[in-house]
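Worksheet: the structure to be examined is printed underneath.
Nothing in this text is a laboratory measurement; each read-out follows from the coordinates by a stated rule. None of these values were measured; they are calculated from a predicted model. Ideal geometry is used to build each Cβ from the backbone, glycine not excepted, and the neighbour counts take in all protein chains shown.
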Amino acid sequence: MNGPSLTKRERLRSRVTAVIGLILVWNLLWGSFTWLNTISGAVIAVLLLVVFPLPPVKFGGRLRPLHVVTFFARFFFDLVVASFQVAFLAFRPGEPKSAIVAVRLRVRSDLNMTLVAEAVSLVPGSLIAEADQRTGTLYIHMLGVKDAAHLEHLRAEVLRLEARLVRAIGSDAELRKVNDSREEPAA
Amino acid sequence: MTVQGVLDAVAAVCMVTGALLSLAAGIALLRFPDLLSRMHAAAKPQVLGLLLVLTGCAIRIGTVLDITTMVLIAVFQLATAPVAAHMVGRAAYRDGQTRSDLLLTDELAPHLDEYADQTAPNPERRP
């Protein structure tokens, strides 16, 4: 757990972010942004966080808007490809082959692991079977694997996804780690 | 063709494609050989299918009140479907419900004992 290493200020920031997020959701649920919704939302958000405290999330990076857009564009493209791929496999005769591979992420923060895991589950061929927080390893179930070369390609795909995510929201140090790594093939 | 006509056509395409993807997800659920493969069907075509149906609805209905709700549905779908798939897949794998004859490699198997040892003192707490 990275929890205890947070400073007081970071903890406060993570709570304030949570409250703002919950107020936003509350407003969206009511369908309009009014002062009444915002104030009642704030009350409920604080209550929720007191009753169900969230583990603090450390966000050490900074947003790079251009890369965020790239990440999401690529993500939705991948989602479409993945959906049609699974749909295609569903109608193809025979049983699709699969594999479970271990992919060690270069950036081991909780936030990075969670987001990569979420995104990986929605892009072609992959689903998380197990996650190891200590070593930052994701065990990924790959569907529709043809052969060993295809498998390596899929493995590299996951690392590239991580790189895109780090470029979008990672800190400079994390970005360097990703750029220095030799595991990443030329994208 | 009027603007409204174009919008209607786009909405219709979105809804039909979304419905077909959901159908494909259902067929995949029935046809795929083991649980982990089936979770792929639950996590991907189904999510995109829902997003497309929502997009179609948003274009046709077009009121802010309904669109905000749809945005929420979309966000939560994207956030929760992978988690649900992961939890079910993880439990199934540990329980030996996966068919290892379909796997080209399994890099998790050698490590699973490690995690089993880790959780051994308190086996009920983790699935």
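For segment A:1-102, applying the loop criterion from DSSP together with a ceiling of 13 other beta carbons within 10 Å to the trypsin sites (Lys or Arg not before Pro) yields A:Arg62.
Given +1 at the Cβ of Lys and Arg, -1 at the Cβ of Asp and Glu and no other charges, the dipole of the protein assembly as shown around its Cα centre is 840 debye to the nearest 20. The Cβ shell under 12 Å around A:Leu165 holds other residues with a net charge of +3, Lys and Arg each +1, Asp and Glu each -1. Between A:Val103, A:Phe84, A:Leu127, the Cα set farthest toward the positive side of the dipole of chain A (charges on each charged residue's Cβ, about the Cα centre) is that of A:Val103. Taking Rh as the Kirkwood radius computed over C-alpha pairs, what is the Stokes-Einstein D of segment B:3-119 at 4 °C in a medium of viscosity 1.567 mPa s, expressed in µm² per second? D = 79 µm²/s. Highest mean first, the peptides A:33-44, A:18-29 sorted by other C-beta atoms within 10 Å per residue fall in the order A:18-29, A:33-44.
Label-to-label distance for A:Phe91 and A:Lys8 is 6.3 nm, based on points extended 7 Å past Cα in the beta-carbon direction.
What is the sum of charges, Lys and Arg at +1 and Asp and Glu at -1, for the other residues whose Cβ falls under 13 Å from the Cβ of A:Gly21? After counting each charged neighbour, the total is +2.
With contributions of -39500 (n - 2.57) from each DSSP H run of at least four residues, the per-residue ellipticity at 222 nm computed over chain A stands at -20000 deg cm²/dmol. All other residues whose Cβ lies under 11 angstrom from that of A:Phe75 are scored, Lys and Arg at +1 and Asp and Glu at -1, for a net of 0. Taking a ≥ b ≥ c as the square roots of the eigenvalues of the Cα gyration tensor of the protein assembly as shown, is the shape rounded (a/c under 1.5), prolate (a/b larger than b/c) or oblate? Oblate, since a/c reaches 1.5 and b/c is not below a/b. Between A:Ala119, A:Ala90, A:Ala73, the Gaussian network model of chain A with springs among Cα atoms under 10 angstrom shows the greatest mean-square fluctuation at A:Ala90. Its relative contact order, with pairs defined as Cα atoms under 8 Å and 6+ residues apart, puts chain A at 23 percent. Which residue, chosen from B:Ala28, B:Thr105, A:Ile169, occupies the Cα position most advanced towards the positive end of the dipole of the protein assembly as shown, where the dipole is computed from +1 (Lys, Arg) and -1 (Asp, Glu) charges on Cβ about the Cα centre? Result: A:Ile169, furthest along the dipole toward the positive end. Inter-label distance, A:Leu47 to A:Leu24: 2.3 nm, where each label sits 7 Å from its Cα along the C-beta direction. Restricting to Cα atoms and excluding each atom paired with itself, what does the Kirkwood estimate give for segment A:69-181 in Å? One decimal place: 14.5 Å for the Kirkwood radius.
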